[in-house]
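FYI, it's all coordinate maths here, none of it is from the lab. Remember, it's a predicted structure, so these values are computed and weren't measured experimentally. Cβ placement follows ideal geometry from the backbone for every residue including glycine, while neighbour counts extend to all protein chains displayed.
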Amino acid sequence: MGLAIPNSKLCMWLFLGTEIMFFTAFIGTYLVLRLGSPDWPSDVADTHINVRLGGLNTFVLIFSSYMVVVAHEAMTLKDFGKAKKSLWITFVCGIVFMGVKGVEYYGKISHDIVPGHIAETEDQALRKLVNEFRESRDEMGRALFVPGEDGEVPDLSKISVALRGELSGATDESRKADLQAFVKLEDRLQNSFLIVETDPEGHQILSSDQARIEAARVAFSKLEKAATAAKELHAAAIAKAADENREAPADPGIVDPVPPTTIGLSAAVRRELLPLFEASHESVDREAGHHLNLHITGLLDEMRSEENARIAAFFSVHDPHPIKYGNVFASTYFIMTGFHAIHVIVGLILFAIVLKQGPALDEKWTDFVENSGLYWHFVDLVWIFLFPLIYIIKF
Amino acid sequence: MADSHDDGHHSHPPYLIIFWVLCIFTGLSWAADELQEFIPNMGVLAVIVLAIASAKALCVMLYFMHLKFERNWKYVLLAPTFILACGLPLALLPDVGVHYYDIDVPQNSIADRVAEMPEDGDAESHAPGH
């Protein structure tokens, strides 16, 4: 007694039963997280999801699935030549699928769409910018530093001192230009107001050096005093004109000073500055964000320019912008497609085992081909659901 | 041991036709994505493409995986896994998928916190950068 199927096929189906639960855990978790998140990255510029590549891979897997059933049918008809040919096509399809997947992964990783690396708030975006700026500086410093006879590479602060010291006595033009580029990058970073500091409560905040804060306060204070004085003069002139029954003088067009960039200032300074502005917090923030964006864009363009080619070679800083829920998106994307890709590799190994038989392939391998085919169809099934869920539905 | 699908009660399924049907379904999914602007909202698009995906999955399971021609053991084997597979999302849904309470996470509250920042007093905990 028993089921009217080979034991190997029963085992494969039992295994596929566990696989259904395995992938439903990932897909189900993805659905729940996505439905439960108030926002989700949907802009292709943020996600680097390419529907056409996803569609191409869907077609490749469907075609390979078809080739597997053709191979199995050929095996049952003892047409082993046809079976081998079909399995080769399936094998190549699997390789193509992995190649396309590799292109997609490369695009995401090169844009740092990696779980844990994605900035989800303005602060995180700026902090990431500063960190990447520093990493570029450190990498450039390490590359330029020539170790002494003992071969030891000192820590980065000493590298900076050493390179700056070397610059003063450098004679080789190319070396001098490299060192000047390094010093420029380092100075640009230090002069930027994008510095992460720790406030007294232990929170990391984006801040500026105190001299720049003080300069901003002084400048703003002067502007405010000038504007107040001008308004008072205008009001006095109006009052005088009214007393003398003359026409009121025209408005001199003096407006309140534009709030300076405040997002780069520490919370304490920001709190002191804000009451000075007769503007809503929102408009102050928008203004600050505008200034900041201009500043950052200019900074990045400058470092990437041809003029700074020596810096650009080491400069790997991404344009900072927050992507809400980008990390959970990247986690779910990589876990689903990654485990699926592992299954594709296992399928390729199964087919390789059959193809390795060469002329020795005979009817003894029919069950193996059928079971490998069942497994391959399951891999196809998973992708059939991943394609719409990851690539098409965006909300 | 006899193969249940190989017992002569049926000829083999029309694999090539199934393949073309799968291709057409894939094309429909792609077309639905391309024509998004004509679809009222993303919910409708989601229903369309998931229905297409389900149809494709049925084609693969019934014909390529031969489930249409297998005996009743397929129900005994697959029904428990299907039920258990549905269990996990349902278990996570109340706490993660459907929020009874407001969500208070940094991604959403930065702007609110800035807007609510008092002009004087304790602004430290409300200022961005924390």
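Straight-distance candidates among the lysines for linking to A:LYS84, with alpha-carbon spacing under 25 Å and chain neighbours fewer than 8 residues away dropped: A:LYS9, A:LYS356, A:LYS364.
Residues in the stretch A:42-54 carry Karplus couplings, in order, of 10, 5, 4, 5, 8, 8, 6, 7, 10, 4, 5, 5, x Hz; the curve used is 6.51 cos²θ - 1.76 cosθ + 1.60 with θ = phi - 60°, and Gly or Pro positions show x. Its Cα gyration tensor gives the stretch B:15-99 an equivalent ellipsoid, and the semi-axes of that ellipsoid, as √(5λ) in whole Å with the largest first, are 27, 25, 6. Under the simplified labelling scheme, the B:GLU34-B:VAL47 pair shows an inter-label distance of 2.4 nm, with each label point 7 Å from Cα along Cα→Cβ. Site pair A:ALA45 and A:GLU244 shows an inter-label distance of 5.7 nm when each label is modelled 7 Å from Cα along Cα→Cβ. Residue by residue, the stretch A:298-305 carries 3J(HN,Hα) couplings of x, 4, 5, 4, 4, 5, 8, 6 Hz when phi is fed to the Karplus relation 6.51 cos²θ - 1.76 cosθ + 1.60 (θ = phi - 60°); x denotes Gly or Pro. Under 5 Å from the amide H of A:HIS111 lies no amide H of any residue 5 or more positions distant or on a separate chain, with H modelled from the backbone and absent for Pro and chain starts. Counting Cβ atoms of other protein chains within 10 Å of each Cβ in A:381-393 and taking the mean gives 6. Working ranking of peptides A:367-373, B:40-46 by packing, defined as the average number of other Cβ atoms within 10 Å per residue, highest first, is A:367-373, B:40-46.
Across the stretch B:54-69, rounded Karplus estimates of 3J(HN,Hα) from the backbone phi angles (6.51 cos²θ - 1.76 cosθ + 1.60, θ = phi - 60°) give 5, 4, 5, 4, 4, 4, 5, 5, 5, 9, 5, 8, 6, 5, 4, 9 Hz, Gly and Pro being marked x. The fewest-to-most ranking of A:SER64, A:SER37, B:SER54 by surrounding Cβ atoms within 10 Å reads B:SER54, A:SER37, A:SER64. Only lysines eight or more places from A:LYS394 in sequence, or on another chain, were considered; those with a Cα closer than 16 Å are A:LYS324.
In terms of the mean number of neighbouring beta-carbon atoms within 10 Å, the peptides A:161-174, A:80-93 order highest first as A:80-93, A:161-174.
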